[in-house]
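**Q** This is the structure, below, for whatever I ask next.
The values are calculated or read from the model by the stated rules, or taken from the named source; none is laboratory data. From a predicted model like this one, the values you see are computed outputs, not experimental measurements. Positions of Cβ are backbone-derived with ideal geometry, glycine not excepted, and every protein chain shown enters the neighbour counts.
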Amino acid sequence: MTDTVSPSGRGRRLRQRFGYDERNAALFLAPVMVVLMGVAVFPILYSLYLSFFRIKLTRPNQTPFVWFDNYTDLFSNELFWVSVWRTVTFSVVSVSAIAVIALLVSLLLNQEFRGRRVLSTILLIPWAIPYVANALMWKWIYDSGYGALNGLLYQLDFIDKYMIWLGDQDKTIFLIANAFVWKEVPLATILLLVSLKAIPADLYQAARVDGANIWQRFFHITLPAMKPGFMLVMIYETMMAIRHFDLFFILTEGGPGDASHVLSWHIYVETFRNLSFGSGAAMSYVLALVTFALSYIFIRTLGRRI
Amino acid sequence: MATTERANLIDDRRRLALSHLTRNVVIFVSAIVLMLYVLAPVTWLVSSSFQTEAEIVSVPPHWIPENPTLMNFEAIFGATAEEEVTYETRSGQDPASGGYIPSTAGNLLPAMGNSLIVATLVVILNLLVGVPAAYALAKIRFLGRDASVYFILVTRVIPDIALVVPFFLVIRKLGLLDSLGSLVLTYLAVTVPFTVFILVQFFEGLPDELDKAARVDGCSRFQSLVRVFLPLSLPSLVAVILFTFLTSWNEFLLALMFTQTEASQTLPIVLAAFTSDFTISFSFINAAGVLAIVPPVVVAVIFERYIVSGLTAGAVKG
Amino acid sequence: MARIRFEHVEKKYSNGFHAVKDLNLDIQDKEFIVLLGPSGCGKSTTLNMIAGLEDISDGALRFDDEIVNFAPPHRRDVAMVFQSYALYPHKSVFDNIGFGLKMRKVPRDEIERRVREAAGKLEIDHLLDRRPSQLSGGQRQRVALGRAMVREPAAFLMDEPLSNLDAALRISMRAEIKELHRAMQTTFVYVTHDQAEALTLADRIVVMNDGVVQQIGTPDDIYERPKNTFVASFLGNPPINYIDGQIESTDGSTARFRRGDLAFDLPASIAAKLGSSHGREVRLGIRAEDVDETAAGAAGSVIRGKVNSILPVGSDQFLGFDLAGQELFFRVGKDLAHNLGDDVALSVDLNRLHLFDKDSGETLLW
């Protein structure tokens, strides 16, 4: 027993309050906490602080404190509301498309057939592609002069002359959504597959014995069992969609006109082109709060503790 | 009596065969459609990257290059080639070309190098920071554990666009603008929560008694982590490494804010710069795009198993 | 070599669960102590506190005279065998056994020698290059024992080490563990919920329930002289039978237990302990094996009832016995032939009766 610790005096009281495990846990968590405090919590608080000032880098010496002016200006700014509306359109369209396509694909990949492994590996390709490369690829496909979309539709006689797809105010946001959907479907499929695989096989056998046909089995067993997976996909993809930036930057820069002027683009323009950091911060804060609200729902609905 | 029974049996068998056939046809057709949906855009990009500028501007397009050329790739790797590929040398060979090879073509490889450095550093820092935290959250019972978990969870959902403004000001104040350090730091914030969640989940799956046995055998907490838990968590470590690597490799928004010159520009930034210039050769841009796509796709395909397990774990947990 | 002492030890979890309450226990050097109780009684928590795997909320834990409350496990000289064995899946059997020595910086050749010696004793020397996944349950158990043995620790802790083994192996391992204790000459603390293990192995048994020590004593004490109804019920198969009734006419030398028509004349030794308890409500305990059908029962020692069920258990049979609506179980010889519904009279061994206070459940006898 020579190497036992015999706490005494001052050390003893300290150790009683913070045991060996507490001290170790603190030590092990310290790096993560420092990193997250520094690069996540501090910026969030700092941007809250900034959002109460009128900061324009073009006028670096005048940064008056303006209370909630940045916020009230925001809500009276027409372009802001346009961008909110664009973001909502983009998110609703892409998330519903992702959900439907991912459902079909996951049902397919849940079957046993030859080549299933290969197919699911191929499916990972869009996920792995950098967003910028994805944007570049779709920009080329949509190209008005030489793009594949024009070429294909022309060869199939759907159109009689090449179209300027991304220049069409009514179509732009849907075309961008298509590029987004293409890249996001794999992840959504994988998440749905998890909930499909969790359905016990004897549930289907029992339903068969009870005389349920394939549609009844789908609507009464498969769909209800996929509900958590669906919620997860919906909310995760919504979060991804409302903050998405890369495609808008490369494909349209918010145009034509304000047809693809989404919130994230608006923040970018306001901050880095107009250099008004105060109102950029205010908008960032609004977006962050919306995301927080969404993720709160996300956590509550799934109710999973880690 | 016996004959009708037999007829029924044959009938049933036929119906069964028919339903099997229907199932197979449906699966076959959907598999083909899915494959086309996923592969067609990429194939088209790859095909275009092997075409000359004259061929690429043909209407309707050539789906398969008639005179495949490596010229576009040579422009990128050209630094080592005998003859430098520039607008002049190239338009000589390809007079129909309206597009030119930008002088920034030579930046692609250094940018890839930057991406590689940043991604590698982010992976290493992630492991250094995330592994002990995950062990503590999974195996040590301490006051504030739940609060810590919740805290990390919350930081995971902050949209990066919301971080951009304060990040920018802080990075500027630190004098880190246009440096790889700014990217490493910010990517770390984006990836660490995910790393912690994957590893927490994995460690929680390992029995508590293993940890207790190690500690009774004479391991401190740290030794238990290093000597018992780490050797067992290789699969989840691979998932973490792949995921953080790909995230850093692909990131665009933050890099766009913090980098200005080729000293710190990463691959996505150089790539994006090409797309905004209408005068640049299409086939060249496509070749650059193909180069950006190949490494992550190869990695994803090779390590498919780990990526899928990591993605599901990460998404479900966070 | 260690004496382990608990002084007013408390364990409260942060969720408010009070796992161990005012534990006072003095474990002698080289003693074999078994902590016995149902799951959730605090026995494993107690063991973990000795190992340093659980914090102590209040009180003191001493190894010899030193307070070790705050020493982490790796600074305590204890070894432990777990229910799941907890072998390191990535290490060979040799490295599993030698790991504790390696962590304590024992020289390589010494590790080699001690591991081989332990493996030889446990007859697993041919398995040293295998991985745990290649071993049977019994072999894993031996590796886990070996891992603890080589350490030559001051205290040897075991948490339900046999409960994952099949019945036959469990009994032969009991003998080996007893032999191990004899050979190692060190303090053993053994946790189990299996009364048979406790009775075979222990020098002393600590019976726990709801975080409170119910009784500490030799196996004989615990079985023959249970302090309360919990201890009495926890040991014995089938469990002890209780009949509630009253004490009659005690003058210090004679006493009678009565419940309706049933009456037992209590022997003088018991009566002497009852003092003047006339009319006291008591709970009478009769162990299942303390009845005899063959002996001619004197009046005042006979219990009559109807056979309700017959459960042959090989060597004996259990008789379900209906006593005016109450179900009792007795263990009788298997050559006694009964049919369901027969009326039987059994004579009770009055010297082995147990008497408890009906309300508190505490014994009235010792």
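**Q** Which members of the range A:225-237 meet the condition of being more than 10 Å from every other protein chain (Cβ to nearest Cβ) and closer than 11 Å to residue A:98 by Cα?
**A** Across the range A:225-237, the qualifying residues are A:230, A:234, A:237.
**Q** Of the conditions (1) within 10 Å of chain B (Cβ to nearest Cβ); (2) modelled with pLDDT of 90 or more, residue A:174 fails just one. Which one is it?
**A** Here residue A:174 clears every test but (1).
**Q** Let me ask something else about it. Determine whether residue B:199 is touching a helix residue (DSSP H, G or I) at 6+ places or on another chain (Cβ under 8 Å), over 30 Å from residue C:153 (Cα atoms), more than 10 Å from every other protein chain (Cβ to nearest Cβ) and part of a helix (DSSP H, G or I).
**A** So residue B:199 passes the test.
**Q** Residue C:34: closer than 30 Å to residue C:120 by Cβ, β-branched (Val, Ile, Thr) and more than 14 Å from chain B (Cβ to nearest Cβ), yes or no?
**A** yes
**Q** Of the conditions (1) surrounded by fewer than 22 Cβ atoms within 10 Å (Cβ to Cβ); (2) in contact with a Leu (Cβ under 8 Å, 6 or more places away or on another chain); (3) among the small types (Gly, Ala, Ser), residue A:133 satisfies every one except a single condition; which number is it?
**A** All conditions are met except number (1).
**Q** Additional query: Inside the range C:337-357, can you point out the residues that are surrounded by 14 or more Cβ atoms within 10 Å (Cβ to Cβ) and part of a loop (DSSP other than H, G, I, E, B)?
**A** Selection gives C:338, C:349, C:353.
**Q** Say we look at the range C:66-101 and pick out the residues that are facing chain B (nearest Cβ under 8 Å), within 28 Å of the chain's Cα centre (by Cα) and not in a loop (DSSP other than H, G, I, E, B); which of these is farthest from residue B:232 (Cα to Cα)?
**A** C:78
**Q** Given the options B:261, B:247, name the one that is within 21 Å of the chain's Cα centre (by Cα), under 26 Å from residue A:264 (Cβ atoms) and either surrounded by fewer than 23 Cβ atoms within 10 Å (Cβ to Cβ) or charged (D, E, K, R) (or both).
**A** The match here is B:247.
**Q** Check residue A:240 against each of (1) more than 10 Å from chain B (Cβ to nearest Cβ); (2) surrounded by fewer than 23 Cβ atoms within 10 Å (Cβ to Cβ); (3) in contact (Cβ under 8 Å) with a residue 40 or more places away in the chain and name the one condition it does not meet.
**A** The single condition residue A:240 does not satisfy is (1).
**Q** Please list, ordered by residue number, the strands (runs of 3 or more DSSP E) wholly in the range C:233-332 having 3 or more residues that are acidic (Asp, Glu) and crowded, with 19+ Cβ neighbours inside 10 Å.
**A** Counting at least 3 such residues, we get no strands (runs of 3 or more DSSP E) at all.
**Q** Restricting to the range B:35-58, name every residue that is under 16 Å from residue B:70 (Cβ atoms), more than 7 Å from chain A (Cβ to nearest Cβ), assigned to a helix (DSSP H, G or I) and not polar (S, T, N, Q).
**A** Across the range B:35-58, the qualifying residues are B:46, B:53, B:54, B:55.
**Q** Oh, and also: Determine whether the range C:101-110 contains at least one residue that is within 29 Å of residue C:198 (Cα to Cα), surrounded by 20 or more Cβ atoms within 10 Å (Cβ to Cβ) and free of Cβ contacts under 8 Å to residues at least 60 places away in the same chain.
**A** Checked against the condition, which is being within 29 Å of residue C:198 (Cα to Cα), surrounded by 20 or more Cβ atoms within 10 Å (Cβ to Cβ) and free of Cβ contacts under 8 Å to residues at least 60 places away in the same chain, the range C:101-110 yields no hits at all.
**Q** Could you tell me how many of the residues in the range C:34-60 are in a strand (DSSP E or B) and surrounded by fewer than 23 Cβ atoms within 10 Å (Cβ to Cβ)?
**A** Count: 3.
**Q** While we're on this one: Just a yes or no: is a residue in the range B:133-140 within 14 Å of chain A (Cβ to nearest Cβ), at pLDDT 75 or above, surrounded by 15 or more Cβ atoms within 10 Å (Cβ to Cβ) and not in a helix (DSSP H, G or I)?
**A** yes
**Q** Taking residue B:262 as the residue in question, decide whether it is in contact (Cβ under 8 Å) with a residue 24 or more places away in the chain, among the acidic types (Asp, Glu) and assigned by TED's automatic domain parsing to the domain that holds residue B:129.
**A** yes
**Q** Among the residues of the range C:125-173, which ones are more than 23 Å from residue C:115 (Cβ to Cβ), surrounded by fewer than 17 Cβ atoms within 10 Å (Cβ to Cβ) and of a type outside the set (A, V, I, L, M, F, W, C)?
**A** Correct list: C:163, C:164, C:166, C:172.
**Q** Name the pairs whose Cβ atoms lie under 6 Å apart, with the first residue in the range C:182-207 and buried (at least 17 other Cβ atoms within 10 Å of the Cβ), the second among the polar types (S, T, N, Q), and 6 or more positions between them or separate chains?
**A** C:191/C:44; C:198/C:192; C:204/C:218; C:207/C:214; C:207/C:215
**Q** While we're on this one: Which is in a helix (DSSP H, G or I), among the aromatic types (Phe, Trp, Tyr) and more than 19 Å from residue B:155 (Cα to Cα), of B:194, B:229?
**A** B:229
**Q** Continuing with the same structure: Which residue pairs have Cβ atoms closer than 8 Å, lie 6 or more positions apart in sequence or on different chains, and pair a first residue in the range B:35-47 that is over 16 Å from residue A:181 (Cβ atoms) with a second residue that is of a type in the set (Phe, Trp, Tyr) and surrounded by fewer than 21 Cβ atoms within 10 Å (Cβ to Cβ)?
**A** As it stands, the answer is B:44/B:63; B:47/B:63, since those pairs meet every condition given.
**Q** Could we say that residue C:129 is part of a loop (DSSP other than H, G, I, E, B), in the same structural domain as residue C:25 (by TED's automatic domain parsing) and either at pLDDT 90 or above or of a type in the set (Phe, Trp, Tyr) (or both) here?
**A** yes
**Q** Still on this model: How about the range A:150-173: which of its residues are in a loop (DSSP other than H, G, I, E, B) and of a type outside the set (D, E, K, R)?
**A** A:156, A:158, A:159, A:162, A:163, A:164, A:169
**Q** Still on this model: Look at the range A:272-301 and say how many of its residues are surrounded by fewer than 24 Cβ atoms within 10 Å (Cβ to Cβ), out of contact with any strand residue (DSSP E or B) (no Cβ under 7 Å at 6 or more places or on another chain) and of a type in the set (Ser, Thr, Tyr).
**A** Count: 5.
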